[in-house]
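Input: a single structure, listed below in structure tokens.
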Amino acid sequence: MPVTTPLRPWREHLSTGSDPTSVDLGAGGTLVGAFTARWSAEPSFPVLGAPDGDGATGRYRWLVADELEEASRRAAHRLLGTGAVPGDRVMWSVGSSLEGIVAHLGALRAGLVVVPVNPAYGAREVGHIAADVRPRVAVVDDPVRGRWAREALGGDLVVVGPDLALPEGSEVAALDAAAPDDPALVCFTSGTTGRPKGAVLRHRNLLASARSVALAWRWTADDRLVHALPVFHAHGLCVGIYGTLVTGASAVLLPSFDPGAVAGQAASPSSSLFFGVPTMYHRLLGSGHLAALARLRLCVSGSAPLAADLHRRCSEVLATPVLERYGMTETLMNVSNPFAGPRRAGTVGFPLPGVEVQLGSGGEVRVRGPNVFDHYWERPAATAEAFAPATDGGAPWFATGDLGAVDDDGYLVLRGRSSELVITGGFNVYPAEVEDVLRTHPSVADVAVVGTPSEEWGEVVTAFVVADGPPPTVEDLATVCAGVLADYKRPRLVHAVDRLPRNSLGKVVRAELRAAVGRTG
Ligand code: MLC
Ligand code: AMP
């Protein structure tokens, strides 16, 4: 393993004078234990706000800690009232809203296991997940997703809207009884060969990761996050929402990402943090709205590589450089540039408190720590393949599939992925899933999907098609994807080719296809 410079140790993330041995990432035991402790300590503290109605009035609705406690308690009882018992799965597929978060917190307080599902998913995507985790309840903001899930299950699913208000006095069981080892989430990450895999995250994993970033980024109760990320992925949910609740801070939940709305919220004197994916920074910069974020004390980027040039251009506008960090659904947050030290463009920094990082063979990044999951839902073979045994008697290493190197300053530089995963605008797309759908088009004889570089999206989904007849256009391919794949997965570029480059084993050489395409806008 030709690593010459070691990664900087995680203790460098701590504030000066902090004792690394005193760091307790498990304090509070469970997510709900940590949340409810904060709520009872400061019942009138405004925790979560969101634009009132359609946002046109400019007014906000706030839930103070006491209201959040009560609303999530009622939601928990409503969910348990369906007959669900602790350990049952709840499919949770909602846009960013206070009701949606309350329902989520209610499910956790009831000891249920939440399965977040992108509300943009179609019947096939929802059906896959439902059939896999067999939810007892679906919390959806559009009943059609409940119907798709029920069809996939062949019946037996209670479908409810996100507003789970219940009259006082309808309490059915004790709440907040989850143990640190109990699963809290099953998050689907898809797989390189078709069937999506659900990463099972325990309360203690989620709590440790939220505490770890809170320590490193000096996140305190005085902070207010401008939250414009989707809530159904690790970034918006586990970092944005859980981080806010664990630290006793507050967040304003925007229903979607709009540069002007983010700038408007950032201008509020209470706002202090913004977390985004690189596409969001690209749009904030391009629209001229980034300057409004200069008054925030911290802007974080993650989920996809932040191009060094975009990092520099953003940092010229902001008061302090963007802080880039690196995470994954299975591991939550692993590595971060420092809050206090230099934030180096083109690097993701060094391990977060409690996290160990190693470069395996071929430079593959491996991680272990209290933040790291330990299995995929009912997929023992995939689990076994994902972990490498440790030689020091410690926990096995999770092999991330990301390739890295350590720079001269001990910062991790990501150099791509060993898998075929495409990341577009922070969303993951697995070529096999898209290829399967494209093959249903009558003019597609053969097809390979790769990610090609784009300034705005990082990568765009690009199809190389061997046509049977006239080559299909982007629009033609969109017709077979419509309603079957979430829109972000459909190809944005199509190239007709006579044949696909294959190696001696018949496998498509994707690198050759990627190299054939220049940079797009
Ligand atoms: C939207 N579109 C996308 C897309 N998002 N296409 C490709 N890739 C994407 N990511 C499509 C829309 O469907 C639409 O299609 C067209 O692009 C333009 O839509 P838009 O309104 O301009 O896009 P918008 O809805 O504003 O979405 C852009 C975005 C969004 C950047 C806000 O992609 C987003 O929220 N990304 C964040 C993803 C995220 O949270 N990832 C975290 C994963 S957790 P049409 O056909 O209608 O034109 C993780 C771990 C970690 O990775 O480390 O954090
Ligand atoms: P997900 O499966 O959605 O959790 O996506 C995780 C993947 O996102 C990681 O394996 C990385 O490939 C990628 N990723 C996350 N953060 C970064 C970053 N800062 N730079 C580069 N890639 C990142």
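Where residues in region 1-47 are in contact with a Phe, Trp or Tyr (Cβ under 7 Å, 6 or more places away or on another chain) and farther than 26 Å from Val406 by Cα, which of them is surrounded by the fewest Cβ atoms within 10 Å (Cβ to Cβ)? Filtering region 1-47 for residues that are in contact with a Phe, Trp or Tyr (Cβ under 7 Å, 6 or more places away or on another chain) and farther than 26 Å from Val406 by Cα, the one surrounded by the fewest Cβ atoms within 10 Å (Cβ to Cβ) comes out as Pro46.
Cβ-Cβ distances below 8 Å connect the following pairs, each with a first residue in region 265-291 that is closer than 22 Å to Gly55 by Cβ and at pLDDT 95 or above, a second residue that is among the acidic types (Asp, Glu) and surrounded by fewer than 19 Cβ atoms within 10 Å (Cβ to Cβ), and a separation of six or more residues or different chains: Ser272/Asp222; Thr279/Glu456; Arg283/Glu456. The residues of region 414-426 that are within 11 Å of ligand 2 (Cβ to nearest atom) and in a loop (DSSP other than H, G, I, E, B), listed by number, are Ser418, Ser419, Leu421, Gly426.
For Arg514, the criteria (1) within 16 Å of ligand 2 (Cβ to nearest atom); (2) crowded, with 17+ Cβ neighbours inside 10 Å hold in every case but one, which is (2). The condition of being hydrophobic (A, V, I, L, M, F, W, C), in the same structural domain as Phe35 (by TED's automatic domain parsing), within 28 Å of Arg204 (Cβ to Cβ) and over 17 Å from the mean Cα position of the chain (by Cα) holds for Ala107.
The number of residues in region 378-403 being surrounded by 11 or more Cβ atoms within 10 Å (Cβ to Cβ) and either outside any strand (DSSP E or B) or not acidic (Asp, Glu) (or both) comes to 18. Filtering region 427-450 to residues that are of a type in the set (A, V, I, L, M, F, W, C) and either within 16 Å of ligand 2 (Cβ to nearest atom) or surrounded by 18 or more Cβ atoms within 10 Å (Cβ to Cβ) (or both) leaves Phe427, Val429, Ala432, Val434, Val437, Leu438, Val444, Val447, Ala448, Val449, Val450. So in region 294-323, with the set limited to residues that are within 11 Å of ligand 2 (Cβ to nearest atom) and among the hydrophobic types (A, V, I, L, M, F, W, C), which one is nearest to the chain's Cα centre (by Cα)? Ranking the candidates gives Ala304 first.
With respect to the stated conditions, Thr4 fails to be more than 20 Å from Val335 (Cα to Cα) and at pLDDT below 95.
Using the structure shown, decide if Pro370 is touching a Pro at 6+ places or on another chain (Cβ under 9 Å), within 19 Å of Val213 (Cα to Cα) and in a loop (DSSP other than H, G, I, E, B). Against the criterion (touching a Pro at 6+ places or on another chain (Cβ under 9 Å), within 19 Å of Val213 (Cα to Cα) and in a loop (DSSP other than H, G, I, E, B)), Pro370 does not qualify. Would you be able to say whether some residue in region 429-443 is assigned to a loop (DSSP other than H, G, I, E, B), of a type in the set (A, V, I, L, M) and within 20 Å of the chain's Cα centre (by Cα)? No, because not a single residue in region 429-443 is assigned to a loop (DSSP other than H, G, I, E, B), of a type in the set (A, V, I, L, M) and within 20 Å of the chain's Cα centre (by Cα).
Of the strands (runs of 3 or more DSSP E) contained entirely in region 114-209, those carrying at least 2 residues that are open to solvent by 10 Å² or more (accessible area, probe 1.4 Å) fall at 158-160, 183-188.
The values are calculated or read from the model by the stated rules, or taken from the named source; none is laboratory data. Since the model is a prediction, treat every value here as computed from it, not as a measurement. Ideal geometry is used to build each Cβ from the backbone, glycine not excepted, and the neighbour counts take in all protein chains shown. Ligands, DNA and RNA are excluded from the accessible area calculation, which covers all protein heavy atoms including side chains. Shrake-Rupley method; radii C 1.70, N 1.55, O 1.52, S 1.80 Å.
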